[in-house]
Amino acid sequence: MSMFRWTVVKPGQGEAVAPDERLDWGRTAGIGAQHVVAMFGATFVFPLIMGLNANLAIMMSGIATICFLLIVRNKVPSYLGTSASFVGGAAAIYNQGGSPSDVTGAILVSGVILALVGLFIHVAGTGMVNAVLPPVVTGAVVLLIGFNLAPVATSVYMPADYWIALLTMTAVIVMAVGLRGFLGRIAIFLGLIFGYVVSWLADLTLGPITSVTPSSNGEAVEHDRVDWSLVSGADWFGFPDKTTAGAVGWHLPSFSITFTLLVIPAVIALVAENVGHVKAVAEMTGRDLDPEMGRAVGADGVATVIATSIGGSPTTTYAENIGVMATTRVYSTAAYYVAAVTAILLGLVPKFGAIVNATPSAVLGGITLVLYGMIGLLGAKIWKENGVDFGNPVNLVPVAAGLVMGIGLGTDQFFPVTDDFTLGGIAAGTIIIVAGYHLARAIAPAPADGTMLSVGTEGVHHEGGQARPDHEGRHRG
C-alpha cells in the first residue's frame, strides 16, 4: 500500500525527515521509543485520576494513534494519548454517584460529537472554528476545566497524606524547572516515581496511615500507603481484566443524558487543542495542513469512540510528542507506527497495570496540584498568544461570569435546571461563556469602546482618584 511506503533517507542528507520519509528501521525504532516515553507518563496518570484502567488506556492509545494516522492519510504526524480535558467531567460524574461505565459512556458520546465537528470543519473550512469558538472562549473553557478541579486535588487526594503530597509536588516543580530537555518534559512522570518511592520508604520507617480508601466506604481505616496486594496475582501477559468490585478494567459503556452533559464542554477544549497542534506540526514541517484540519479533529473523535467503547480513556494529540519532533527534527509517521505498536504490547502486561493502579492517593494529590493548575493556565496561554483584549467588555464580562460560576460550583455542586436535571460546574460555566460571549457580541456597539470596569485603561488609578485626561481633554476610564 502506498500509504505505508516511506522514502528512506540517511542522516546528513537533510535537516529534517519529512512525514513521508523515514530513517533506517533501527533508527526509526529508536525515535519511536522516544515517543513512547514522551506520552507514557500522562497517558497512564490521567486514567488513574479518572478512575479508569491505565493498562487499557496505554494499549488503546496505540490503537487510537494508528486510526488517527490512517484517517489523516499519514500527513499529520501525531501521537494520541489520554486526554486531560475530561478529568473534570469524570469527577463530576462520580460525585453524582456514577460509575466508570457512566464516565466512558458520556465520553464516547462526546467523541461522536467531536467527530461530527471534524466533519463540519472539513466541509465548512477552518475559518468557522474561530467564528464560533474564538480564542477568548476556548481559552476560558480550558482554564475552567483546570481550575474547576482544584477541590479534587485538595479534598480527595491530598488528605491521604498531606506531607507526601507536598513532597511530590515539590519534586515535580524542581524537576520541571531544573531538568533540561527531554527529562524536563516528563517531570510529571518522574514526580510520580519519586512520590511512589517516598511513600514506600515512609511505610517502612513511619508505619501505616489512617485515611479513607476507595474500598473503605467512606470510613477512615489504617492502611499502608503502597498496597501491592493485587500486584502478585496479576498476570505478566494478557488482556486487561474485566471491571470487578475490586478493580476497574475493560467494560461496556453506559449512557445517560445527565452525565453526558457534564463532559460535553471538553469537546471545545479538544477542538482548540487539535487545531493548535496541527498548526504547530504544519509550522515545523513547512507544509500546509489546513486541508487536513477537519480530518485531524474528526480522527480524534473517532479514536475516542473506539477507545471508550471497551472502557478505555479519551484521546487527544499530544504536545509532548510534538516536542520530541521539534528536538529530533524527525517528522516521519513511521516512527509513530512503531510507538503505537509498542504501546499496544505494553498495555498487554497486566502486572505493570496493577503496579500503576497501586499509586498512592497522596502522590496523585501532589501531581494534580501542579497538573490541574497547568491545564488551567493553558487557557491563559491561549489568551496571551492570541492577544485577547480584556479591556473590551465583550470579552471581559461573559468570561468573568462563566469562570466564577464554573469554578465556584466545582465538581461536587450542581446548578438545578429542573428537579431531575442539573448542570455541573464546567457545563454551566461553559454555557455562560459561549452563549454570553455571542450575546454580548451581538448587542455591543461597533466597535465596543470602554468597559464598566477600570481594566487595562491607563490613568484610571491616578493619584487623587481622578481619571487623567488624555491629550484631547477627554477622561479615560
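The values are calculated or read from the model by the stated rules, or taken from the named source; none is laboratory data. Keep in mind the model is a prediction, meaning the values are calculated, not measured. Note that each Cβ is placed from the backbone with ideal geometry, even for glycine, and that neighbours are counted across all protein chains shown. Heads up: the accessible areas ignore ligands, DNA and RNA and are worked out on the full protein's heavy atoms, side chains in. Shrake-Rupley method; radii C 1.70, N 1.55, O 1.52, S 1.80 Å.
For a test of the definition: using alpha carbon positions, the gyration tensor, and the 1.5 limit on a/c, classify the stretch 296-388 as rounded, prolate or oblate. Walk me through the numbers on the way to the answer.
On the way: a/c = 1.62, a/b = 1.12, b/c = 1.44.
The shape class here is oblate.
Between residue 33 and residue 239, what is the label-to-label distance in nm when each label sits 7 Å out along the Cα-to-Cβ direction?
Between residue 33 and residue 239, the simple spin-label model gives 3.0 nm.
Determine the dipole magnitude for the stretch 251-340: charges of +1 sit on the beta-carbon of Lys and Arg, -1 on that of Asp and Glu, nothing else is charged, the reference point is the Cα centre, and the result goes in debye to the nearest 20.
That gives the stretch 251-340 a dipole magnitude of about 100 debye.
Rounded, prolate or oblate: which fits the stretch 1-159, taking a ≥ b ≥ c as square roots of the Cα gyration tensor eigenvalues, rounded meaning a/c under 1.5, else prolate when a/b beats b/c? Intermediate values should be presented prior to the final figure.
On the way: a/c = 2.18, a/b = 1.54, b/c = 1.42.
Here the stretch 1-159 falls in the prolate category.
Could you tell me which of rounded, prolate or oblate describes the stretch 106-195, using a ≥ b ≥ c as the square roots of the eigenvalues of the alpha-carbon gyration tensor, with rounded for a/c under 1.5 and, failing that, prolate when a/b is larger than b/c and oblate otherwise?
Prolate is the answer for the stretch 106-195, as a/c is 1.5 or above and a/b outweighs b/c.
For the peptides 107-115, 123-131, what is the packing order when you average, over each peptide's residues, the other Cβ atoms within 10 Å and list the highest mean first?
107-115, 123-131
Leaving out ligands, DNA and RNA, and with a 1.4 Å probe, what % of the accessible surface on the stretch 36-145 is carbon or sulfur?
C and S fraction of accessible area: 71 percent.
For the stretch 148-160, in order, what is each residue's ³J(HN,Hα) by Karplus, 6.51 cos²θ - 1.76 cosθ + 1.60 with θ = phi - 60°, in whole Hz (x at glycine and Pro)?
Result, ordered by residue: 4, 8, 3, x, 5, 5, 8, 10, 9, 8, 4, x, 4 Hz.
Compute the accessible area per residue over the stretch 22-122, keeping the other protein chains in place, probe 1.4 Å, unit Å².
Value for the stretch 22-122: 25 Å² per residue.
Between residue 380 and residue 155, what is the FRET efficiency for a Förster distance of 30 Å, r being their Cβ-Cβ separation, to the nearest 0.05? Let's see the in-between values first.
Details: r = 24 Å, r/R0 = 0.80.
Approximately 0.80, to the nearest 0.05.
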